[in-house]
Amino acid sequence: GEPLLLRQTVSLPSLLPENELVLQVANLHTRKGGVLQPIELGLASGLFRRELSGIVFETLMAGALAMMAVYFFGVSLGIRREASAFWLAVLCAVVALRTGLVGDKVLVRLFLESNGALAYRLEFLTLPLMILSAILLVHSLFPKDALGLALWSFGALFLAYMSLIVFAPIRLFTAILPYFQIVGLVVPGLYIVFILGRAIHRRRTGSRLMLVSMGLAFSIGMGSILKLYFDTSALQVVIVMLGFAFLLTLRFARALVQVERLSAEMQRKNQSLKKLDRLKDEFLANTSHELRTPLNGIIGITESLLAGAGGAIAQPVKSNLELVAASGRRLINLINDILDLSKLRHGDFVVHPVAVDLRPLIEAVTALSRPLIGEKPVNMRTEIQSDLPDVLVDRDRIEQVLHNLVGNAIKFTKEGLITVRAVRSSDFADRVVVSIADTGIGIPPEKFDVIFDAFSQADGSISREFGGTGLGLGISRQLVELHCGRLEVQSAPGRGSVFSFTLPVAFAESGDRSEKEARPVAEPIAKDTPDMAGEQGSAPVVAEAEAAGGEAVAPLRILVVDDDPVNLQVLRNHLLLNGHQIVSASDGRVALRQFEEHGPFDLILLDVMMPGLSGYEVCRILREQYSSTELPIIMLTARDRMNDLLMGFESGANDYLTKPFDGRELLARVRTMAALKQSARAQSDLAALQSELTMAHTLQQSLLPRRIPEYPGLKIAVRYQAMQNVGGDFYDFRPDENGIGVLIADVSGHGVSAALIVSMVKIAFWLQKQDLRAPDQIFAGMNRILCENVESSFVTACYAYVDPVKKVLVTSNAGHPPLLLWRKKEQRLLSLRPAGRPFGFFGSAEYDMTGTSLVSGDRLFLFTDGLYEMANEKLELFGEPRLEAAIQEHQDLDPQQHAGRIFEAAFAWAGGPEKLTDDIALAIIDIE
C-alpha cells in the first residue's frame, strides 16, 4: 500500500490493567522505513494540543520565510546588479518549501496527502536546492574570494542528484542519500567556510556574521545526518535566514551610504567640471587674446605701411605686404572659428540680425580673399542679382560663413573658376540663395556628412595635401542654421563643388533695424579687382579718414594705452596718418599719470588686458571724474565674449574694438566718438549758457557803474562789448577831492564764474582805504584779498589816478596791457606799464608805480587785451600797431566818438562783432 506520510494521533479504547500494542510495519518504497519518531502516549487533549501547536508554528515559520523571499526578490528586481538579493530570495523560498514538507508536513496535509511519491520527491529535492542556493548566495556576496571551478563542480553534482530524485525510483535515490549527505553537505560546508575565511582575512564586510550563520546551519545539518533525518527545527532555520537577511540589509545600508557619498562626490565633481569648463573658456579667451595681440600688430603695421606710414613703397614690396595682411586675417579667422565652436557647443552663441545688403558684403569678402589665390591660374567672379533684397542676418556671422566657404574653394581649386552667386530663391519668395561654386577636386557623395563634422575633412590625404583644421564647414553650417537656413553641398570627384545656403529676406514691415541704424560706424568696403589668371589682386588698404567714409574731424588729443609695444605702434601709425596728437602709455598706472600730467584728452583708446591695473579698472577710475560724454573711451580687446563686452560697458566704456581691427574701422569709431563728444559738449554748453545768462547779466549790470562820472577838467568816455551777453571785463571809478581813480580789469573766463570774480574785484577795490594816489598799495591790498578767494582763475588790471588841477598821472599795472597816453601837442603815443603780476597767483606780490605830468589836450586810453587780440580769417591779430593807427587817425574826435571808431576798426578787421573771441573794454579820458 501507500506509505503513511503524516504523523497521526489515535484514540485508544478503554485499557485493561495490562494491554499489548502490536505494530505492523512494512517498507516497500524507501530504503529506511518503520517508526521514525518515538511513540508518545498520553491524554488525548494534550497530544492534540501539541500537534496543533506544531502545525501553527511551522506554518508561521514557512510564511515568514516566504515573505522574506518575496521581499528580496523585489529588491533584486530594483537592484539588478545585486545578485545576492536574488539568491537569498531563492534560498528563503526553498527553505519555506522544505519547512512545509517536513516536521508536521503542513503542505502535505493541505495539498499532497493523496500523492505520497510526489511529496517524497519534493522533500528530497529541497535539500540540494537549499545547499546550491546557499553556495550561490555566498559566491554573490564574496565573488573575489570564491573559486569558479568549485561552483561549476557543485552545480554538476547537485544537478545529477536532482535528476535522480526526479526520474529514478524512490528506493534508489533514498539509498544514495547518506553518501550525498556526507559529500553534498560536508564538502560544500567546508568550501563555504573556506570562502568566509578568505573574506575574513581580507576584511570583507559581514564575513564574520556570515561565518556564524553558516556555522549554525552546518551544525544543524550534521545533527540531522547523525540522526539520519533532515527535519531540522524550523526556528533554527529561520535564525539562519535572518542572519543572511541581516547581512544583506547591512550591505544595502552601506551601499546606500556609499551611494549618498558618491552622489555628494559626484556633485563636487560636477562643480569641479563646471569650474574646469569655466577655466577652459578662460583659457580659450586668454589664448585668443595672446594670439590676437601679435596678429593685430602684424596686420596693423602691414596695413599702415600699405597706407604710406613709412613712405612710398615699391610694387613688389606692396604685393608681399598684401600677402602678409591676408595671411594674418586667415589666422584671425581660424582663431574665431575655434572660439565660435566652443560657444556653439555650449549654447552660448547669439546672433544679432539686422537688414544687410549682400552685394558690398560679398564684394568685400572676394576682394579680401583674392590674395590667397597666389600664382594659381584661378579666376574669381561674383554674380549678384541686380534687384536682390536685403537679408535679415547677423552681418559679421554671414561674413564669416562667406570667408570660410570662399577660402575652402580657393584652397581646393588648383585651376579654373570660382563663382560667388546670390539670387532670390525661385521656390521661396522670402529666401535668398547664396552659392559658392568651384572647379576644384570635388567631394565623394559618401563624405557629404563627414565634411561638416568638427576637425574633419573628406580625406586624410586631403588634409595632408591642402592643410586646414576642418572647422570651417561645421561652424558655417551651424551659423547658417541659426539664421533659419541650411547649408548644402553638391559635388562629385573631379567635377568641383557647389556649397549653397539660404537666408531670410528682410521685409520693411518687419520693423527690424537696418544695417545703417544698427551700425553707427562705417564698414570697410572692398573694391573688386580684375580677374587675372595667375596674378594676385590687391587687398584693400587703410585709407585717409575722408576715404574711409564720413567727414574728416579736427585733430584730436588721444591717449593710447596698451601694454604691447607693437599694438601701440599700430595705433600710432593709423592715428598719426590722420593728424591726431598721440600720447601713449604702457599700462594702467602710467595712463593715469599721463592723464594727470598731460590731460585732458579728447579720447582714450584703452586696452583691456594689462598688468597691474586692467583696462576695466582704469575706466572705472576715470569715470569717477569724467562722464562718458566728457571723455569718450574705446576699449581695445582681443576677447569678444559677451561677458567681457558687458563688463567693459559696465565699467564706463563708450565703445569697443576687437583686435585685430581694420584701420578704417578704427578711424570711423574715433570719428564717431569725436562727434558724440562735440554734440554732447554743444548741448551741455547751450543748457549751461541758457541757465547762466540771466543771472550773470543781472550780476554784471549791478557791478558796472550806472553812469559815467563827471569831473571838472576831465572828459570821460567808456565803451564795453562782451563776447557773450555776459563778459569778464570790468571798469570802475573812485573820485576824491583832488582827482579820480580809474580801474580797468580783465577776469579769466566768461559767464557766471567770471561775473562772480568781477564782484570780488569790485569789493576788493572799494575795500582799499589807502590814498587813491598810491596805486601800488591799492594793488597789493587787492591781490591779497583775491589770492584768498579766487581759485583756478586770475585777474589782470590797470589803475590810473588823474589829478586835473596839478596835471599829474600815477599808474600801476597787474599783468595788464599798458596805459596809452596820446600827447596831442607832440603827436606821439606814450606807453606806461610798470611791473606787476596778475592778481590771484602770489599773495606777497609787489607792484611798481609810475607817474608823469600831464598837459591840456592829453588823452588817456585804458583797455583790455580783447581789443588788439581780435583776429581775421587768416588768424592775423588786430594788434597794437593798428590800435595806435586808429588812435592817431581819429584824434580830433571827442572821446565818445573816438572810442566808437576804434571799435569799428577792430570789428572790421575781425569781420564783425560776432567774431569776438574775448570781451573788450575801453576807457578814454581827456585832459582839458
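The values are calculated or read from the model by the stated rules, or taken from the named source; none is laboratory data. Predicted model only: the values in this text are computed from it and were never measured. No Cβ is skipped: glycine too gets one built from the backbone with ideal geometry, and neighbour counts run over all protein chains shown.
Per-residue answers, yes or no, for (1) crowded, with 21+ Cβ neighbours inside 10 Å; (2) touching a residue at least 24 places away in the same chain (Cβ under 8 Å):
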| position | (1), (2) |
| --- | --- |
| Leu786 | yes, yes |
| Asn789 | no, yes |
| Ser792 | no, no |
| Tyr801 | yes, yes |
| Leu820 | no, yes |
| Phe842 | no, yes |
| Gly851 | no, yes |
| Val855 | no, yes |
| Leu860 | yes, yes |
Problem set entry | Pairs, first surrounded by 18 or more Cβ atoms within 10 Å (Cβ to Cβ) in region 135-163, second of a type in the set (Lys, Arg) and assigned to a helix (DSSP H, G or I), C-beta under 6 Å, six or more apart | Asp145/Arg198
Seminar exercise, completed: Exception for Ile332 within (1) in contact with a helix residue (DSSP H, G or I) (Cβ under 7 Å, 6 or more places away or on another chain); (2) buried (at least 17 other Cβ atoms within 10 Å of the Cβ); (3) at pLDDT 80 or above falls at (3)
Exercise. Does Gln581 satisfy the condition of being over 20 Å from Thr293 (Cα atoms) and in contact with a Lys or Arg (Cβ under 7 Å, 6 or more places away or on another chain)?
Worked result: yes
For this session: Could you name every one of the strands (runs of 3 or more DSSP E) located completely within region 565-653 that has at least 2 residues being buried (at least 21 other Cβ atoms within 10 Å of the Cβ)?
Result: 603-607, 633-637
For this session: Check Leu503 against each of (1) at pLDDT below 65; (2) more than 25 Å from Glu375 (Cβ to Cβ); (3) under 29 Å from the mean Cα position of the chain (by Cα) and name the one condition it does not meet.
Result: (1)
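This table checks each residue for (1) exposed (fewer than 12 other Cβ atoms within 10 Å of the Cβ); (2) part of a loop (DSSP other than H, G, I, E, B); (3) modelled with pLDDT of 85 or more; (4) not assigned by TED's automatic domain parsing to the domain that holds Asp894.
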| residue | (1), (2), (3), (4) |
| --- | --- |
| Arg669 | no, no, yes, yes |
| Ala674 | no, no, yes, yes |
| Arg681 | no, no, no, yes |
| Ala688 | no, no, no, yes |
| Ile716 | no, no, yes, no |
| Tyr720 | no, no, yes, no |
Exercise. Within region 342-355, can one find any residue that is touching a residue at least 60 places away in the same chain (Cβ under 8 Å), within 28 Å of the chain's Cα centre (by Cα) and buried (at least 21 other Cβ atoms within 10 Å of the Cβ)?
Worked result: yes
Exercise. Going by the conditions given, is Glu383 modelled with pLDDT under 90, more than 19 Å from Ser476 (Cβ to Cβ), of a type in the set (D, E, K, R) and surrounded by fewer than 21 Cβ atoms within 10 Å (Cβ to Cβ)?
Worked result: no
Exercise. Out of region 414-443, which residues are in contact with a Phe, Trp or Tyr (Cβ under 7 Å, 6 or more places away or on another chain) and either on the phi > 0 side of the Ramachandran plot or part of a loop (DSSP other than H, G, I, E, B) (or both)?
Worked result: Gly440, Ile441
Seminar exercise, completed: In region 585-599, anything over 28 Å from the mean Cα position of the chain (by Cα) and modelled with pLDDT of 85 or more is listed as Arg593, Gln594, Phe595, Glu596, Glu597, His598
Problem set entry | Every residue from region 887-902 that is of a type in the set (Asp, Glu) and in contact with a strand residue (DSSP E or B) (Cβ under 9 Å, 6 or more places away or on another chain) | Asp894
Exercise. Quick check, is Val758 of a type outside the set (D, E, K, R), under 22 Å from Phe842 (Cβ atoms) and not in a strand (DSSP E or B)?
Worked result: yes
